[in-house]
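Heads up: the structure comes next, in structure tokens.
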Amino acid sequence: MLSVDTLIPAPADYAAARVGSGEYPIPPYAKYLAGVKICLNPGHGGDARKRAFKRGPSGVREAEMNLRVAKYLRSFLERVGAVVLVTREDDVELSYEQRARIATDWGADLFVSIHHNAIDNKPQVNYTTVWYHADVDYRPSNLDLARYLNGGLQERLALPQYATVPLKSDQLMYENGFAVLLNATVTAALSESAFYTNPDEEQRLRQPAYNLREAHGLFLGLARYAAAGLPRAALMTPAGGIARAGETLVFELDDGLRGRKAWGHERTMILRDSIAVRISGRPAAYEFVDDGERYELRVRLPSDLDPGAYHVALQFQNMNKNSVLNPNFEIDVR
Ligand SMILES: [Zn+2]
């Protein structure tokens with residue numbers, strides 16, 4: 001089984017002609033995806049020559065379903081103004097490191113790897129899982145992304161089996177996790193939407209309408225995530241991250257919601273008890289200031305800090321429990 005083009009063909013405008021129609025509606029809150037930079041990474045590719053590699057029982061290739069779902073998802077996202085980059089447009093091979101680097105170099109806010117699952121000798125198995133890297137504390141925003149993607153997939157695919165706890169650590173599979181998630185420097189998750197080793201599911205995964213449904217589920221998840229606010233942090237002083245011992249670092253926090261100027265926007269929408277700061281792994285004291293317009297997080301560097309490179313990690317959650325997308329900062333103490 002070395003065949004390619006194992007999906008049921010669809011016209012080039014298949015998704016574009018259906019996005020926003022009654023069966024694939026765009027909810028009003030999807031407008032909050034506008035301007036969000038999302039890198040989509042369809043797994044595998046360029047591997048058709050490998051006998052039986054990542055194929056279902058009748059030979060349908062995972063690489064092809066991953067790619068079509070990614071392109072269909074792009075159709076939804078671009079319709080509402082999200083900025084999308086897909087790591088591969090064709091059936092080509094990319095290393096896991098290359099894929100992660102594409103997302104980093106482009107400055108993605110979110111990095112979504114799209115896969116479908118397989119299991120040996122258990123054709124009856126078929127459920128949705130979404131994977132995050134390492135431990136739950138590694139990067140809490142990864143859990144947010146995974147959770148919203150899972151919610152959208154559960155709703156739209158609605159597979160009859162449920163994975164008990166669908167969010168999974170990639171370290172359950174490999175000691176170091178999935179290489180693509182290990183190398184990701186931005187908020188990242190990996191969906192395994194269904195099992196192509198299930199013969200019935202394999203046939204569904206060949207169909208353009210089913211691929212579009214899955215893309216719609218991922219889209220709804222991303223739209224709900226964005227609507228709940230994507231928190232961010234920015235280092236304001238010192239500029240360039242070059243500091244002296246004893247200096248105060250000033251971060252501006254964005255809860256992802258206040259900028260909408262909704263009724264009550266001047267009220268604090270960051271959970272104070274969710275704030276944490278670590279300097280190269282050690283908890284650090286901070287001051288949190290909210291003047292009703294801007295949030296500031298002030299972190300005083302210890303006055304006896306040796307010169308060198310330090311890693312400053314922030315955490316906070318907005319009122320919808322979404323964690324900061326970009327928690328990591330590098331400081332050079334001179
Ligand atoms: Zn895969």
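The values are calculated or read from the model by the stated rules, or taken from the named source; none is laboratory data. As the structure is a prediction and not an experimental result, all values here were calculated from the model. Here the Cβ positions follow ideal geometry from the backbone for every residue, glycine too, while neighbour counts run over all protein chains shown. We work out accessible area using only protein heavy atoms, side chains counted, and drop any ligands, DNA or RNA first. Shrake-Rupley method; radii C 1.70, N 1.55, O 1.52, S 1.80 Å.
Determine if the range 189-199 includes at least one residue that is surrounded by fewer than 22 Cβ atoms within 10 Å (Cβ to Cβ) and of a type in the set (A, V, I, L, M).
Looking for residues that are surrounded by fewer than 22 Cβ atoms within 10 Å (Cβ to Cβ) and of a type in the set (A, V, I, L, M), one finds none in the range 189-199, hence no.
Can you find a residue in the range 69-76 that is more than 16 Å from the ligand (Cβ to nearest atom), farther than 28 Å from Leu325 by Cβ and open to solvent by 20 Å² or more (accessible area, probe 1.4 Å)?
There is no residue in the range 69-76 that is more than 16 Å from the ligand (Cβ to nearest atom), farther than 28 Å from Leu325 by Cβ and open to solvent by 20 Å² or more (accessible area, probe 1.4 Å).
Out of Ala100, Ala82, Ala134, which single residue is buried (at least 24 other Cβ atoms within 10 Å of the Cβ), in contact with a Leu (Cβ under 9 Å, 6 or more places away or on another chain) and farther than 25 Å from Tyr24 by Cα?
Just one listed residue meets the conditions, Ala100.
Given the condition over 19 Å from the mean Cα position of the chain (by Cα) and away from the ligand (no atom under 13 Å from the Cβ), answer yes or no: does some residue in the range 107-120 qualify?
yes
Quick check: is even one residue across the range 29-45 away from the ligand (no atom under 14 Å from the Cβ), open to solvent by 60 Å² or more (accessible area, probe 1.4 Å) and of a type in the set (Phe, Trp, Tyr)?
Yes; the residues of the range 29-45 include at least one that is away from the ligand (no atom under 14 Å from the Cβ), open to solvent by 60 Å² or more (accessible area, probe 1.4 Å) and of a type in the set (Phe, Trp, Tyr).
Just to confirm my filter: which strands (runs of 3 or more DSSP E) fall fully inside the range 185-256 and include at least 2 residues that are under 25 Å from the mean Cα position of the chain (by Cα), charged (D, E, K, R) and within 16 Å of the ligand (Cβ to nearest atom)?
none
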